[in-house]
Amino acid sequence: MIYTLRHRTTYRYGRPVHFARCTLRLKPQEGEGQSVLASAVTIDPSPARAVMRRDYFGIEAVAITLEAPHTTFSVEALSTVRVERPAPPPPESGMAWERVRDAVVAGRDLAGRAPVHFLFPSGRVPLLPAITDYARPSFSAGRSAYGAAHDLMLRIGRDFRFDAKATTVSTPLAESFALRAGVCQDFAHVMIAALRGMGLPAAYISGYLRTVPPPGRPRLRGADASHAWVAVWCGDGWLGLDPTNGVPVQDDHIVVARGRDYGDVAPVDGIVSGSGKQRLKVEVDVIPDTETQDLALVG
């Protein structure tokens, strides 16, 4: 499947902002069933400086500095991406979760995408005993790592309520877990904490989701919006699971960034020097090449 992606973020400020420094993580990733055919970012107002870099985990980020006074700041990313992944494996296939756990601890690989980096607590995903206890019923002795993670994904989907008003981007993990409610970010953080609590490396994946529902059925949550899911290390590679929708990751999921939690992969973050309130608007279009569309790449 080939997709055209449009992600537009607009900030409007009550008073002029005289200085801002931001990091943009908006280019889809290469590899693991994805290839980027084209990508461009438009920034308004034009930054005084823009520097592209790759972080330790391989995320391509652009650091920008704005020095002219402005009351509106917008970033639009346009990309064309080909996605072609193999079908997910049977749920109970692969290495036993205890073997995976022990192999990760004994491993010596410290490269940026090594599983050991995704095993420990991170800024937004502490290891909470209550979440580890919640995970245990999925991890019977000798069960495959993927089978246990797949079962955990389904349980989270049943037990947690999708509610965009229940949490905010800064809601602590303990609170969203107690509420049993939230958005895709919360579902992903809960599942990551549960997997890490059982000794399995788990990564936070940010990107987009496109779905075509059956006639008369609603679209899956996360469609035409930024989305988040989980990648779990199963001993011989990463496998993606989407706890918000209870499905393995396939060609409808487009990966932008992989990190330890949302803090590593936020599409736009930074600081501004100014006072007054601000309003944020995010618009996302995920358009497959099989649908008529009139977006054109620029740059």
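The values are calculated or read from the model by the stated rules, or taken from the named source; none is laboratory data. Everything numeric here is computed off the predicted structure, so don't read it as measured data. With ideal geometry, Cβ positions are generated from the backbone for all residues, glycine too; neighbour counts draw on all protein chains shown. These accessible areas exclude ligands, DNA and RNA; they are computed on the full protein's heavy atoms, side chains included. Shrake-Rupley method; radii C 1.70, N 1.55, O 1.52, S 1.80 Å.
Label point 7 Å out from Gln250 along Cα-to-Cβ: which residues of the range 68-106 have amide N under 19 Å?
Zone members listed by number: 82-93.
Enter the accessible area per residue of the chain (Å², integer; probe 1.4 Å; all protein chains in place).
47
Which of the DSSP-defined H helices in the chain satisfy a minimum axial length of 15 Å, computed from C-alpha atoms, and a minimum mean Kyte-Doolittle hydropathy of -1.0?
Numbers: long enough: 145-159 (21 Å, -0.13); 184-197 (19 Å, 0.71).
Correct list, ordered by number: 145-159, 184-197.
Within a Cβ distance under 13 Å of Ile64, other residues only, what is the Lys/Arg minus Asp/Glu net charge?
Values: positive: Arg21, Arg25, Arg49, Arg53; negative: Asp44, Glu67, Asp269.
Value of the local net charge: +1.
Quote to one decimal, in nm, the extra length available between Val169 and Arg82 on full extension: 0.36 nm per residue of separation minus the C-alpha distance between them. Can you show the working numbers first?
Values: separation 87, 0.36 × 87 = 31.32 nm, distance 2.97 nm.
Taking Val169 through Arg82 to full extension adds about 28.4 nm, to one decimal.
Which entry is the computed Rg/Rh (Cα atoms, Kirkwood Rh) for this structure: [x] 0.97; [y] 0.94; [z] 1.06?
Computed from the coordinates, Rg/Rh (Cα atoms, Kirkwood Rh) corresponds to [x].
Show me 236-246, 48-58, 153-163, 184-194 ranked by packing, highest mean number of other Cβ atoms within 10 Å first.
Values: 236-246: 20.5, 48-58: 12.2, 153-163: 16.3, 184-194: 27.0.
Final packing ranking: 184-194, 236-246, 153-163, 48-58.
About its Cα centre, how strong a charge dipole does the chain have in debye, to the nearest 20, once Lys and Arg get +1 and Asp and Glu get -1 at the Cβ?
On the way: 34 positive and 31 negative charges, 148 e Å.
The calculation lands at about 720 debye.
Need the list of lysines near Lys165 for cross-linking: C-alpha distance under 19 angstrom, and skip anything on the same chain fewer than eight residues off.
Lys281
Using θ = phi - 60° and the Karplus form 6.51 cos²θ - 1.76 cosθ + 1.60, what ³J(HN,Hα) does each residue of the range 229-244 get, whole Hz, x for Gly and Pro?
Calculated HN-Hα couplings, in order: 8, 10, 10, 10, 7, 10, x, 10, x, 8, 10, x, 9, 10, x, 5 Hz.
Going toward the positive end of the dipole of the range 95-262, with +1 on Lys and Arg Cβ and -1 on Asp and Glu Cβ, which of Thr167, Phe120, Leu154 do you reach last?
Thr167
Taking just the C-alpha trace of the range 1-135, give me its Rg and Dmax in Å.
Gyration radius and largest Cα-Cα distance of the range 1-135: 20.4, 57 Å.
Tell me the carbon and sulfur percent of the accessible area for the chain, rounded to whole percent, probe radius 1.4 Å.
Numbers: 7600 of 14130 Å².
Percent of accessible area from carbon and sulfur atoms in the chain: 54.
Quick one: among Ile254, Ile271, Ile287, which has the greatest mean-square fluctuation in a GNM of the chain with alpha-carbon springs under 10 angstrom?
Ile271
Express in nm, to one decimal, how much length is gained between Asp44 and Arg108 on full extension, taking 0.36 nm for each residue of separation and deducting their alpha carbon distance. Display every interim value, and only then the final one.
Numbers: separation 64, 0.36 × 64 = 23.04 nm, distance 4.48 nm.
18.6 nm is the gain from fully extending Asp44 to Arg108.
If we count every other residue with Cβ under 12 angstrom of Val83's Cβ, Lys/Arg +1 and Asp/Glu -1, where does the sum land? Provide the component values of the computation, followed by the final result.
Working: positive: Arg82, Arg85, Arg210; negative: Glu30, Glu32, Glu84, Asp251, Asp252, Asp289.
Residues close to Val83 contribute a combined charge of -3.
If the viscosity is 1.002 mPa s and the temperature 20 °C, what Stokes-Einstein diffusion coefficient in µm²/s follows for the range 95-262 when Rh is the Kirkwood radius over Cα pairs? Provide the component values of the computation, followed by the final result.
Details: Rh = 15.9 Å.
The diffusion coefficient I find is 135 µm²/s.
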